[in-house]
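Worksheet for the structure shown next.
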Amino acid sequence: MYTPMTVLLQANANGSPWSFWIMIGAIFIIMYFFMIRPQKKRQKEIENFRNSLQIGDQVITSGGIHGTIKNIDQANNTVDIEISSGVKIKIEKSCIYSRESLEQQQGK
């Protein structure tokens with residue numbers, strides 16, 4: 001025997017096929033705004049930072065090496081860094097983590 005309540009519960013359980021696709025779409029929109037978009041923005045900031053590097057900048061590599069940029073090779077995407085007087089190393093431009101701040105330079 002069906003009561004009005006069981007009929008309503010069964011109708012809501014089945015739902016419309018569109019509600020599933022609306023929920024999937026909402027999940028993708030949320031993922032885009034909370035995960036994909038901020039990551040793309042961060043990658044663009046990093047790319048702009050690495051493209052703005054100039055000879056003479058004090059930098060820190062991802063490995064923790066501090067040095068001064070002596071040469072930038074755009075063709076090979078490499079940078080020559082002087083880590084001590086007369087000691088230069090060649091690294092990939094993508095390994096440069098940040099510029100050394102003025103406070104860090106004055107503390108040396």
Legend entry - Only listed residue being in contact (Cβ under 8 Å) with a residue 24 or more places away in the chain and either surrounded by 10 or more Cβ atoms within 10 Å (Cβ to Cβ) or within 24 Å of the chain's Cα centre (by Cα) (or both), chosen from Gly67, Gly63, Gly25: Gly63
Legend entry - Unmet requirement for Phe34, which otherwise passes all of (1) modelled with pLDDT of 90 or more; (2) in contact with a Leu (Cβ under 9 Å, 6 or more places away or on another chain): (2)
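Within the range 14-53, which residues are charged (D, E, K, R) and out of contact with any Lys or Arg (no Cβ under 6 Å at 6 or more places or on another chain)?
Pass one, the range 14-53, residues charged (D, E, K, R): 37, 40-42, 44-45, 47, 50.
Selection gives Arg37, Lys40, Lys41, Arg42, Lys44, Glu45, Glu47.
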Inset, instruction - Output the residues belonging to the range 29-49 that are under 25 Å from Ile91 (Cβ atoms), loosely packed, with under 12 Cβ neighbours inside 10 Å and not basic (Lys, Arg). - result: Gln39, Gln43, Glu45, Glu47, Asn48
Inset, instruction - Could you tell me whether the range 50-58 includes any residue that is assigned to a strand (DSSP E or B) and surrounded by 13 or more Cβ atoms within 10 Å (Cβ to Cβ)? - result: yes
Inset, instruction - Under 9 Å between Cβ atoms, at least 6 apart or on separate chains: pull out the pairs that start in the range 76-92 with a residue that is under 14 Å from Gln58 (Cα atoms) and end on any residue that is open to solvent by 70 Å² or more (accessible area, probe 1.4 Å) and of a type in the set (Asp, Glu). - result: Val79/Glu92
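The values are calculated or read from the model by the stated rules, or taken from the named source; none is laboratory data. Since this is a predicted model, take the numbers as computed values, not measurements. Backbone-built Cβ (ideal geometry, glycine too); neighbour counts: all protein chains shown. Just the protein is used for accessible areas: all its heavy atoms, side chains included, with ligands, DNA and RNA removed. Shrake-Rupley method; radii C 1.70, N 1.55, O 1.52, S 1.80 Å.
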